[in-house]
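Student: A single structure is presented below for examination.
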Amino acid sequence: MLIVGGSGNNKGAILGAILVWGIWAASAGAVSELFPPGQQARAAALQIVMIGVALCAILLLRPRGILGEERVVSRHVGPRAQPDAKAPDAPKS
């Protein structure tokens, strides 16, 4: 779940948990609809396969997770100031 959402982002961990749960619930519904009651116990292994395929797809398409990582230099340093292109140069002495 952490891999899916992004390991460097708390919101990503929550999103990953919801997404993996959604895949699990959707695959359980698909197994119960597609297979007869006598075969559902054996077909339930397809849920694990579907989650594995989803993990592989996410890792291939978004290696850092869905939301990625928050880029922070330090919690003590604010964002870096961008040089202002309109500011005049300082007089040379």
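Since every read-out is calculated from the coordinates, none of them should be taken as a lab result. All values reported here derive from a predicted model rather than from experimental measurement. Note: ideal-geometry Cβ built from the backbone for every residue, glycine included; neighbour counts use all protein chains shown.
Student: Can you give me the distance in nm between label points at residue 17 and residue 48, each placed 7 Å from the Cα along the Cα-to-Cβ direction?
Tutor: For the pair residue 17/residue 48, the computed spacing is 2.3 nm.
Student: Below 8 Å, C-alpha to C-alpha, sequence gap of six or more: please give me the relative contact order for region 5-54 in percent.
Tutor: So the answer I get is 29 percent.
Student: Another question about this same structure. Determine ³J(HN,Hα), in whole Hz, for all residues of region 29-36 in sequence, where each value follows from phi through the Karplus function 6.51 cos²θ - 1.76 cosθ + 1.60 and θ = phi - 60°; x replaces Gly and Pro.
Tutor: x, 5, 5, 5, 7, 8, 10, x
Student: So what are the ³J(HN,Hα) numbers for region 4-17, from phi and the Karplus equation (6.51, -1.76, 1.60; θ = phi - 60°), rounded to whole Hz, Gly and Pro as x?
Tutor: Each residue's phi maps through the Karplus curve to give 5, x, x, 6, x, 9, 5, 5, x, 5, 5, 4, x, 5 Hz.
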